[in-house]
Amino acid sequence: MRVATKLATGYGVLIALLAGLLLYQTLVIFQASRRNQELLTSSKLTLSATKQLQHLDEYNENVRKYLVTREPGYAAKATEALRAFSQTLADLRALPLSETERAELSRLVDLWAGYGGTGGGAVGASSGTADDATSLESPADAVPELRQQTRIVNEAGQAAMVAELEQSAAAARRTLLIALIALAAALISSAVIAARIVRSISESLRYLKTGTQAVSRGDFDYRLTSVDDDEFSELGTDFNGMIARLGELDQVKKDFLSHVSHELKTPLASIQEVNRLLLEELPGGLNDKQRHLVNLNLKSASRLSDMITKMLKQSQIEAGRIEYEFVWQDIRELVATVHAELAAGGLAAGRIDPALSPEPLVVACDGHHIIQVVHNLVENALKYSPQGTTVRVEASYMERAPPFVPPHLRGRLRRPRAGTGYAVVSVADQGPGIAIEEQEKIFSRFYQGRYGRTSEGGGVGLGLALSRRIVEAHGGILSVRDNAPTGTVFSFVLPDAVPSVPHAGLFAATGGATGPT
C-alpha cells in the first residue's frame, strides 16, 4: 500500500468515527429537546392542576359567604371561579399529554360534566333568591370529588415529570458512556494507525539511512530490500540502481589506479636507480651543482614512489587483499622505529620529542601497518610545522575510551578483550592547525586541506585515509583535535592493550603468537 493511501485510509477511519459520534450527539440533542418539551407539558399540567385547586377553594369560600350574607358580589366571585376552573380544564385538554395524564384528566372532565360543568351560568345572573342558592349549591356538592380528582391529575403530572427526568438522566449517562467509548476508540484507532504509518515510514527511512551510510563508507555491494509496494520501494529500486552504477564506476577507478600504479613502479624504480648510480659517480664525476640537481631528482622520485605505494596500498585495502597479522607489540618500539627511519632520511633533525613511558605498553596489532600509521602522522606533523618547533609523540594506556573520542566515532571503537584496555598514541604539532569544518574531511580519499594544497611537496591526500582504514581494521579509531594554543593533535586508539608484558593466560586467550584476528 502506498504511503498516500495509508494516510488517506487512516484519516478516513478517524473522520468516520468523528462523523458517527457527531451524528449520535445530534440525535441525542434532538431526543433531549423532545423530552424537554414533554417536561414542559407535564409542568404546565401540574401548575394548572394547582390553579384548579385554588379556583375550587375560591368557589367554596365565596359560596359559604354568599349563603350567609346573600351578598350578590360573593355569588359573582363564586361564578367567576367556576368559569376559570372550566376554562383551565379546557386548556389542559389541548395539551399533548401522556396516556396516564390524559386518562386522569378525562376522569376530571367527566366528573365536571356530570355536575353540570357550565361554568355556573345561572349564578352569573344571581339576584340573591333561593333559586340562586340552589344553583350555587349544586357545584358545591361536587367540590370534594373535584378536588380529589384534581390532586390525582396533579400527581400524574408530577409522576410524568419524574419519569421524564429519570429518562433524561439515563440518556445523559448513556450518552457520556458512548462518547467515552467513541473517544477511546478514536484514540486507540488513531494511535494504531499513526504507529503503523510511522513504523512503515521510519523503517524505510532507517533502511535508506543504513544504505547511504554503507555507500559513504565505500560499500557498493549493499542493496536495499523492500516488502511494501509504496513510494519508498520505488526509491529503494532507484537507490539500488544508483549503487550498482557507482559500484561499477568505483571498480573501474580501482582497477585503473591499481594498474597505473603498478605500471609506474617499474620505470620509477629505474629512474631512482639511475640517480643513485650518478650520485655514486660510476659514469663519471659530478660537480657540486650537478650533485645537488641529482639529489633533488632522487628526492622527487622517492616522493613519487611513496605516493604510488600509498595508492597501491589503498587499492589493496579497498579490494580486501590486505591481511593483518596480530601479535603482541610494544608501542614504544614501533615509535622508536619511526623515529629512526625519519632521522636516517634527514627529516627529524632533532624535531621529534618522544614522550614515552619507561614501562612497556603492549598491544595486539600488526606492527608493520601501525608503523606506517605512526610514520604518516609524524611525517605530516613535521611537514606542516614551522622550523624550530618540535613534534611531540606520546603513548599511554587507558582502561576506558578516552574522553576526546568524537561521538560519531565511538561506535566504531571496539571494546577491548577481558583484562585489557586501550593504547592511545598522539602526535601533536605546533603548525597552523586545521579548520573545524575540515577536521573530518581530511580523512577522505584524495582530499587536501587548504594547507596541504599550498604546502611544498604536498601528497595526493591518501595518507590519512589509509591510516584511518588501517586503525579501523584493528578495531580502533583515528581522530584529530586542536592543540592549544596552536597546532593539531592526531590520536589513534587501539583496543587489546596492557601496560606490561602480557601474562601467559592473557597471551593464550588472544590466540598465542598471532593474537586477535
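The values are calculated or read from the model by the stated rules, or taken from the named source; none is laboratory data. Everything quoted here is computed from the prediction, not taken from an experiment. Counting neighbours? That spans all protein chains shown, and the Cβs are built from the backbone with ideal geometry, glycine included. The accessibility values were calculated without ligands, DNA or RNA, using every heavy atom of the protein model including side chains. Shrake-Rupley method; radii C 1.70, N 1.55, O 1.52, S 1.80 Å.
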### Accessible area (Å², 1.4 Å probe, nearest 10) - R276
100 Å²
### Task
Rank-order 431-437, 183-189 by packing density, defined as the average count of other C-beta atoms within 10 Å over each peptide's residues, highest first.
431-437, 183-189
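Just list whichever of K51/K77; K209/K441; K299/K383; K289/K383; K299/K441 have alpha carbons separated by over 24 Å in the model shown.
Details: K51/K77 16 Å; K209/K441 20 Å; K299/K383 15 Å; K289/K383 26 Å; K299/K441 29 Å.
From K51/K77; K209/K441; K299/K383; K289/K383; K299/K441, over 24 Å: K289/K383; K299/K441.
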### Label point distance in nm, A169-E155, each placed 7 Å from Cα along Cα→Cβ
2.1 nm
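Output the Kirkwood hydrodynamic radius of region 150-193, Cα pairs only, in Å rounded to one decimal. Intermediate values should be presented prior to the final figure.
Working: mean 1/r = 0.0776 Å⁻¹.
When all Cα pairs of region 150-193 are included, the Kirkwood radius is 12.9 Å.
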### Message
In region 347-425, if the dipole is taken from +1 on Lys/Arg beta carbons and -1 on Asp/Glu beta carbons about the Cα centre, which of V391, L409, V425 is farthest to the positive end?
### Response
L409
### Query
Taking the Cα atoms of region 17-109, what is the range of coordinates along each of the three principal axes, in descending order and whole Å?
77, 21, 14
### Query
Given a Förster radius of 45 Å and the C-beta distance between M398 and L304 as r, what FRET efficiency does 1/(1 + (r/R0)^6) yield to the nearest 0.05?
0.70
